[in-house]
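The values are calculated or read from the model by the stated rules, or taken from the named source; none is laboratory data. Keep in mind that what you see is a predicted model, and the values were worked out from it rather than measured. Note that each Cβ is placed from the backbone with ideal geometry, even for glycine, and that neighbours are counted across all protein chains shown. Remember, those area values only see protein heavy atoms, side chains included, never the ligands or the DNA or RNA. Shrake-Rupley method; radii C 1.70, N 1.55, O 1.52, S 1.80 Å.
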Amino acid sequence: MRKCAGDTWEDPTLADWPDGDYRLFCGNLGNEVSDEVLANAFRKYSSFARSRVIRDKRTMKTKGYGFVSFLNANDYLRAFKEMNGKYVGNRPVKLSKSNW
């Protein structure tokens with residue numbers, strides 16, 4: 001279930017993410033970054049599970065952020081330390097703990 005601005009709805013895409021994962025918020029993503037580009041940047045961590053770039057439904061341009069999921073806390077922490085500020089596409093990615 002999702003809630004926003006007083007509305008509540010079922011979001012079927014949430015079922016695609018692993019339960020109990022460790023998720024990073026990836027900010028400052030350019031329009032050239034796709035799900036695959038983001039995944040390739042983090043795939044070197046063995047417990048990498050999934051990535052997603054959030055796009056505007058009408059224009060399909062990136063909203064400038066995305067998420068990366070890990071199954072292991074150590075990989076999550078290593079990725080945060082090693083990848084924060086590294087270039088993903090044409091911009092340096094800004095990582096933080098996801099509150100999603």
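The condition of being small (G, A, S) and free of Cβ contacts under 8 Å to residues at least 12 places away in the same chain holds for only one of G89, G85, that being G85.
Within region 62-85, the set of residues being of a type outside the set (F, W, Y) and open to solvent by 30 Å² or more (accessible area, probe 1.4 Å) comprises K63, L71, N72, A73, N74, L77, R78, K81, E82, N84, G85. Screening L29, L38, L24 for residues that are assigned to a loop (DSSP other than H, G, I, E, B), under 11 Å from the mean Cα position of the chain (by Cα) and either buried (at least 18 other Cβ atoms within 10 Å of the Cβ) or not hydrophobic (A, V, I, L, M, F, W, C) (or both) leaves exactly one candidate, L29.
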